[in-house]
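Below is one structure, written out as structure tokens, with a few remarks after it.
Nothing in this text is a laboratory measurement; each read-out follows from the coordinates by a stated rule. Owing to the predicted nature of the structure, the values given are computational and were not obtained by experimental measurement. Every residue, glycine as well, gets a Cβ built from its backbone with ideal geometry; the counts of neighbours run over all protein chains shown.
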Amino acid sequence: MIFVLGVPRSGTTAVASLLGSHPLVTAPAEPWVMLMLESLGAVHALHPAGAGLIGRRAAKLLGGRESPSAVRRIADAMYSEIAGGAETKLLVDKTPRYHLIYERLYRVFPDARYVFVLRDPAAIAASMRRSWNSDVIDLAEKTPGHPLCVDFFVGLPRLAEATQAVPSGLAHIVRYEELLADPAGQARQLFDALDIKTSNDELAAALRLPQKSIDDEFGSQEIRNTSAILAREIPDGAHAPDEGWSRTVAAALGPAVMHALGYVATSPDASAASTRPEAALSGTSLRVCQALSSKIDLMLADQEAAEPHCENPASEFLELRQWLRARLKPPSETVSAMASLGLAPSYLAVASEAARHLDEKEAEIQLLATATREKENEIQLLATATREKENEIQLLATATREKENEIQLLATVASEKENEIQLLATAAREKEAEFLRQQAEASRLREEVRTKDSYLARLTSSPFSRLLTRLSYRFGKG
């Protein structure tokens, strides 16, 4: 599994198309699968079936919305459906806004490969202005909660952090400027980093727009209409940001973020940024963070209203909320700042109560997050123990089958021995009968001998027998 992360207009479509040209890789349109599953089991507060009931049921059946194993099983099924039976070994999910959930993404897919696409923020902002007629700098002043503002002022800092959070052996950074300057060399590095064997012919084909690349409403229409994605620079020289625009964008984004992204040589206050997260962001970025935090709080408030005593509250964007809170002042500090402005006591009382409630909710969320992680560890331990028990059962079942086979063999041998004994017994009875017949014959012969002996004895003892004996003697002598 390969995830391509970036922000819109940073070159993610080109990189995904480049990967998708390889015969072993499938790169469908932006799936957005993990953003769908981020709110797994959470529905609108006014859902007619009952939002709380659905949430609790989902938590019970799926082992909790934060269960990586449950989310992984569902995601794998969805990705298999997206692949559509393609006979490839790797699937690419190019969804730029995964920067909102990169922590959870890595937790669910710790064995995936991650490609981070970075581009000069000034060029990104210029491309947004040209392609969508949206000036992200001006937009942040008027509507800081706009998704493009979130992409730019929240997505870029989080992408910079994500490149450090994901282990280096699983991550690869593609800089769009370097890809345009040296397409073949950078493409070779990309495929090699992902352990995708690529011939020179396949690499040459990868530098042309393949037929199986992204082909729906997501991604860059300009790239889809280009015969060779990397054959020319996009944007071309006429649309390249000028120096004044680059300074404006860098000031709006903040030098610390520009440094983290690798587009300025030094950070002016790196030590402060490392100890105070809010110091790494500009005023514009913090304004966008505040708008995004408020939007998420409203979403959670709707769910809280639907099920105020739910034991498994919504965990959507848990890491993102923690990231935002680390960079924004706690509500209680905000109220203290408001008091210094001389606002009406009644207004401050309401704000103070709201801030206290928010502080309590934040503490509850922190406790629930800790409990969730502990439960995840317990579930992992139980899963490991279950697998070990299953292995033991399999071994016992195998040993039982072997013993049953031995018993069957012994039973067969015993049956054969019984047959031999039966044959021997029959032979013994026949011998005994023959012996009895021979004894009877011997008795009969002895009886005949006794009869003849008796007869001879009678003959020799009679007078006539004596006369015959004398006559025989006389005549025989003469």
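Observations on the structure shown:
- Label-point separation, residue 81 to residue 458 (7 Å along Cα→Cβ), nm: 12.0
- Bins of 5 Å from zero: percent of alpha-carbon pairs in the stretch 109-198: 3, 12, 19, 19, 17, 14, 10, 5, 1, 0
- Ranked by how many other Cβ atoms sit within 10 Å of their own Cβ, fewest first, the residues 109, 153, 435 fall in the order 435, 109, 153.
- Potential lengthening between residue 195 and residue 449 on full extension [0.36 nm per residue; Cα-Cα distance subtracted]: 80.4 nm
- Proximal charge balance of residue 102 [Cβ under 11 Å; K/R count +1, D/E count -1]: +1
- Ordered by the number of other Cβ atoms lying within 10 Å of each residue's own Cβ, fewest first, 47, 172 fall into the sequence 47, 172.
- Highest average first, the peptides 115-125, 376-386 ordered by how many other beta carbon atoms sit within 10 Å of their residues are 115-125, 376-386.
- Rounded to the nearest 0.05, the FRET efficiency derived from the C-beta distance between residue 387 and residue 188 at R0 = 35 Å is 0.30.
- Taking other Cβ atoms within 10 Å as a rough exposure proxy, 451, 12, 198 sort from fewest to most as 451, 198, 12.
- The stretch 6-164 shape via C-alpha gyration tensor axes, a/c threshold 1.5: oblate
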